[in-house]
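K.L.:
I have a structure here, written as structure tokens, and I will follow up with some questions on it.
The values are calculated or read from the model by the stated rules, or taken from the named source; none is laboratory data. The structure displayed is predicted, hence computed values, not measured ones. Here Cβ is always computed from backbone atoms with ideal geometry, including for glycine, and neighbour counts include all displayed protein chains. Ligands, DNA and RNA are stripped out before the accessible areas are found, and what is left, the full protein with its side chains, is counted by its heavy atoms. Shrake-Rupley method; radii C 1.70, N 1.55, O 1.52, S 1.80 Å.
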Amino acid sequence: MSDETAGASSPPMVRMAGVDKHFGDLHVLRDIDLEVARGEVVVVLGPSGSGKSTLCRAINRLEPIDSGIVEIDGVALPAEGSELAKVRADVGMVFQQFNLFAHMTILDNITLAPVRVRGVSKSEAQERARALLDRVGIGDQSGKYPAQLSGGQQQRVAIARALAMQPKVMLFDEPTSALDPEMVGEVVEVMSDLARDGMTMVVVTHEMGFARRAAHRVVFMDGGEIVEDTTPDSFFSRPATERARDFLGKIL
Ligand code: ADP
Ligand code: MG
């Protein structure tokens with residue numbers, strides 16, 4: 001069987017087991033068990049402060065954890081050092097704030113990490129960057145600077161930049177929350193395309209349309225715990241817990 005064939009023997013793309021995290025006295029992640037299969041799209045929902053961002057950041061150890069295991073494609077994340085950088089390079093992350101380098105062109109924003117971290121040649125990195133910009137619908141903007149682009153365009157650049165590292169999994173933490181409403185759709189569309197193409201994704205979002213259409217699973221967090229882990233259909237039509245019903249009552 002080739003590597004491409006996702007069989008029963010291949011490890012989950014993301015595996016968290018028994019993960020705990022405190023900020024001082026605050027217990028922000030409580031015994032988190034989460035597995036994301038290859039090609040699976042998991043949407044994480046929950047009230048503000050429930051631990052969604054910390055969960056995302058724990059997946060690539062932007063946030064150190066107190067105890068438990070995090071594995072990417074079967075490889076445990078080491079606490080630090082060059083091994084951590086290697087595994088982390090497999091995890092693309094897109095934040096609410098686009099975090100583009102303001103003094104660099106769009107093209108340079110995208111080629112920087114592949115050249116520096118992956119050792120790709122500059123010309124190859126540029127060729128790939130142009131293809132990625134086409135893919136996110138802004139192939140004509142490569143020579144501009146971030147400030148010359150709209151928020152929606154900048155977020156699409158941020159997605160292209162993460163994809164340029166050829167990650168095994170993409171994490172999105174409220175990627176549309178800082179956007180003007182009319183720009184949300186174009187970013188959701190790029191994410192939906194990625195999901196359709198089989199990218200493994202963990203997405204924190206308030207876009208319930210995306211959750212219903214693109215997610216294979218919904219994980220509902222409250223108070224640092226995973227309270228429900230189910231299909232979008234069952235989560236939205238038959239939430240099992242009072243806490244989820246309460247949450248849905250407020251947002252829908
Ligand atoms: P969410 O993304 O679901 O809104 P977060 O993961 O950002 O939640 O935060 C979970 C809890 O941890 C919140 O109570 C938040 O105030 C707290 N928190 C987050 N980051 C820090 C930090 N760096 N130091 C102290 N407390 C934090
Ligand atoms: Mg958050």
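K.L.:
Could you provide, to the nearest whole Å², the per residue accessible area of the stretch 27-97 with probe 1.4 Å?
P.N.:
Spelled out: the 1.4 Å probe surface of the stretch 27-97, per residue, equals 41 Å².
K.L.:
At 7 Å along the Cα-to-beta-carbon direction for both Ala102 and Ser177, put a label point, then send me their distance in nm to one decimal.
P.N.:
2.2 nm
K.L.:
Between His206 and Thr241, with labels modelled 7 Å along Cα→Cβ, what's the label distance in nm to one decimal, could you check?
P.N.:
So the label points at His206 and Thr241 sit 2.2 nm apart.
K.L.:
Of all the accessible heavy-atom surface of the stretch 1-95, with the other protein chains kept in place and a 1.4 Å probe, what percent is carbon and sulfur?
P.N.:
49 percent
K.L.:
To the nearest 500 deg cm²/dmol, what mean residue ellipticity at 222 nm is calculated for the chain from DSSP H runs of n ≥ 4 alone, each contributing -39,500 (n - 2.57), summed and divided by the residues?
P.N.:
Helix contribution divided over all residues of the chain: -11000 deg cm²/dmol.
K.L.:
Counting only DSSP beta bridges with both residues in the chain, tell me the antiparallel percent, nearest 5.
P.N.:
Looking only at bridges with both residues in the chain, the antiparallel portion is about 55 percent.
K.L.:
How large is the Kirkwood hydrodynamic radius of the chain, counting all unique pairs of alpha carbons, in Å?
P.N.:
On the way: mean 1/r = 0.0531 Å⁻¹.
Final number for the Kirkwood radius of the chain is 18.8 Å.
K.L.:
Treating only the Cβ atoms of Lys and Arg (+1) and Asp and Glu (-1) as charged, compute the dipole magnitude of the chain about its Cα centre; round to the nearest 20 debye.
P.N.:
Rounded to the nearest 20 debye, it is 480 debye.
K.L.:
Let me ask another. Which value, to two decimals, describes the C-alpha radius of gyration of the stretch 179-252 once divided by 2.2 N^0.38 Å?
P.N.:
Against the empirical 2.2 N^0.38 Å value, I get 1.16 for the stretch 179-252.
K.L.:
Just the number please: accessible area per residue for the stretch 175-232, 1.4 Å probe, all protein chains included, in Å². List each step's numbers first, then the result.
P.N.:
Working: 2350 Å² over 58 residues.
On a per-residue basis, 40 Å².
K.L.:
Full extension from His27 to Asp197: what is 0.36 nm times the residue separation minus their Cα-Cα distance, to one decimal in nm?
P.N.:
Taking His27 through Asp197 to full extension adds about 57.5 nm, to one decimal.
K.L.:
Taking all protein chains as present, what is the carbon and sulfur share of the accessible area of the stretch 154-252, in % to the nearest whole number, probe 1.4 Å?
P.N.:
In the stretch 154-252, the share of accessible area belonging to carbon and sulfur is 46 percent.
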